[in-house]
Amino acid sequence: MNRIAIIAALMLAGPAAAAEGEPFFTLRSTEFVVTIAFLIFIGVLVYFRVPALIGGLLDKRAAGIKAELDQARALHDEARSILASYERKHKEVQDQADRIVETAKREAIAAAEQAKADLKASIARRLAAAEDQIASAEAAAVREVRDRAVNVAVAAAGDLIAARMTAAEKNRLIDASIGEVETRLH
């Protein structure tokens, strides 16, 4: 490495020395003095193994960066697995929610159908009860009219018979009625 630095310094110093007109290899030439100082500086750096130290520091830094990258990859992989797990759980929860909604819809439809059927049955029962009440009221009205007609007819017949009947016929009818009551009681 020393040789490369010396050759590079001499090659760079050549054009500068030719430009001034003074010889390059004198202590009066600032380029020569700077080149010598630079070469001494490079030599001191090499003697104290500064490039090796810098290389070691760079290697440590590279190892640290590699470790951080590995750790970042591990965290990234873990994050992906956690994300996949959460996505699976989200999908399962979404599926379960969809099933619950579907079940609720079916139950609501079934409940509505059952309510319709119950309402129809209730209406039919109420209609039948109303028809029974109407028929019963009608029958009661017919009975009442018939009873009144019978009572009116009996009263009218009684008045008619009473007006046309003689006392002997009345006594004979009373005796016949008493005889009939006696036969029925015994």
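Using equal-weight Cα scatterers in the Debye expression, the normalised intensity of the chain in log10 at q = 0.19 Å⁻¹ is -1.25. Listing His186, His90 from fewest to most neighbouring C-beta atoms within 10 Å gives His186, His90. Cα axis of helix 50-164 to longest principal axis of the chain: angle in degrees, 0 to 90, nearest 10? It works out to around 10 degrees.
Our estimate of slack between Val154 and Leu119, defined as 0.36 nm per intervening residue step minus the Cα-Cα distance, is 7.5 nm.
Build a GNM of the chain with springs between Cα atoms under 10 Å apart, and of Glu78, Glu144, Glu169 the one that fluctuates most is Glu169.
All other residues with a Cβ under 14 Å from the Cβ of Ala112 taken together, and with Lys, Arg as +1 and Asp, Glu as -1, what is their net charge? Residues close to Ala112 contribute a combined charge of +1.
Once the C-beta distance of Ala52 and Ala84 is scaled by a Förster radius of 45 Å, the resulting FRET efficiency is 0.45 to the nearest 0.05.
Summing Lys and Arg as +1 and Asp and Glu as -1 over all other residues whose Cβ lies under 13 Å from the Cβ of Asp175 gives a net charge of -1.
Computed over the chain with a Gaussian network model linking Cα atoms closer than 10 Å, the most mobile of Asp59, Asp98, Asp159 is Asp159.
Taking Cα atoms only, the orientation of helix 30-47 departs from the longest principal axis of the chain by about 60 degrees.
Count Lys and Arg as plus one, Asp and Glu as minus one, and take only other residues whose Cβ is under 15 Å from that of Leu127; the net charge is then 0. Take every Cα pair under 8 Å whose residues are at least 6 apart in sequence, average their separation, divide by the length of the chain, and the relative contact order is 9 percent. Hey, what angle do you get for helix 2-20 against the long axis of the chain, alpha-carbon based, 0 to 90 degrees rounded to 10? Tilt relative to the chain: about 70 degrees.
For the stretch 26-106, what number results from the quotient of the Cα radius of gyration and 2.2 N^0.38 Å? Scaled against compact globular proteins, the figure is 2.76. Rounded to the nearest 0.05, what FRET efficiency do Ala168 and Ala141 have when you use their Cβ-Cβ distance and R0 = 41 Å? That pair, Ala168 with Ala141, gives E of 0.45.
Subtracting the Cα-Cα distance of Glu131 and Leu185 from their residue separation scaled by 0.36 nm leaves 15.2 nm.
Values in this text are rule-based calculations from the coordinates and carry no lab data. Treat the numbers as computed from the prediction; the structure is a model and nothing was measured. Here the Cβ is made from the backbone with ideal geometry for all residues, glycine too, and neighbour counts use every protein chain on show.
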